[in-house]
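Heads up: the structure comes next, in C-alpha cells.
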Amino acid sequence: MESSDYQKLAARTLTDKPGFEVSDKDIMTIWNALGLAGEAGEVSESVKKGIFHQHGLEEEKLKKEIGDVLWYAAALCTTLGFDMGEIMQMNIDKLKIRYPEGFSVIDSQKRVDKTERPT
Ligand SMILES: [Mg+2]
C-alpha cells in the first residue's frame, strides 16, 4: 500500500470525536499526539510482557498495535497538513546522513545530522 493511499484511508475515520469538531486543529493535534503515545505504549507493553514476563510475543496482537500507531501517525500528519510520504522520505534522508554505511554505535554517538547545520 502506498503511504498516500494509507493516509487518505486512515483519514476516513478521522471524524466524529465526541464533543469536538475535526476542524478544531489544536484539539485534534493534541488528541492524535496523545493517541500516538498511547498506542506506542501498547506496543511497548506487549513486547515487555512477551519478553520479560515470558508470555511470548503475540505477533497478531503486535501487528494490530503497530497498525494503531500508524493510524495515529497518519491522523497527526493529516491534522497538521503533512504528507505522510514526505515525512517518511525525510526520515530516511536523515538516517542516510546519520548512518551512511548502516547503523553503527560510533555514528549513533556522532549524530552528524544534528551537528551539521545548513548556513
Ligand atoms: Mg491499540
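The values are calculated or read from the model by the stated rules, or taken from the named source; none is laboratory data. What you are looking at is a predicted structure, and each value in this text was computed from that prediction instead of being measured. In this analysis, Cβ positions are derived from the backbone assuming ideal geometry, glycine residues included, and neighbour counts consider all displayed protein chains.
Is there a residue in region 103-119 that is outside any helix (DSSP H, G or I), more than 13 Å from the ligand (Cβ to nearest atom) and of a type in the set (A, V, I, L, M)?
The initial filter retains those residues of region 103-119 that are outside any helix (DSSP H, G or I), namely 103-104, 111, 116-119.
Restricting the remaining residues to those that are more than 13 Å from the ligand (Cβ to nearest atom) gives 103-104, 111, 116-119.
With the extra rule that they be of a type in the set (A, V, I, L, M), the set shrinks to none.
No, region 103-119 has no match at all.
Residues are listed down the side, and each one gets a yes or a no for (1) of a type in the set (D, E, K, R); (2) out of contact with any helix residue (DSSP H, G or I) (no Cβ under 8 Å at 6 or more places or on another chain):
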site	(1), (2)
ILE30	no, yes
ALA40	no, no
HIS55	no, no
ARG98	yes, no
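Okay, residues lined up against (1) more than 15 Å from the ligand (Cβ to nearest atom); (2) farther than 21 Å from THR15 by Cα:
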| residue | (1), (2) |
| --- | --- |
| GLY38 | no, no |
| VAL47 | no, yes |
| HIS55 | yes, yes |
| LYS64 | no, no |
Taking into account only those residues within region 79-88 that are modelled with pLDDT of 95 or more and in a helix (DSSP H, G or I), which is nearest to the ligand (Cβ to nearest atom)?
-> MET84
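Okay, residues lined up against (1) within 17 Å of the chain's Cα centre (by Cα); (2) assigned to a loop (DSSP other than H, G, I, E, B):
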residue	(1), (2)
THR29	yes, no
LYS49	no, no
LEU57	no, yes
MET90	yes, no
Under the condition of being modelled with pLDDT of 95 or more and hydroxyl-bearing (Ser, Thr, Tyr), which residue from region 28-76 is surrounded by the fewest Cβ atoms within 10 Å (Cβ to Cβ)?
-> SER44
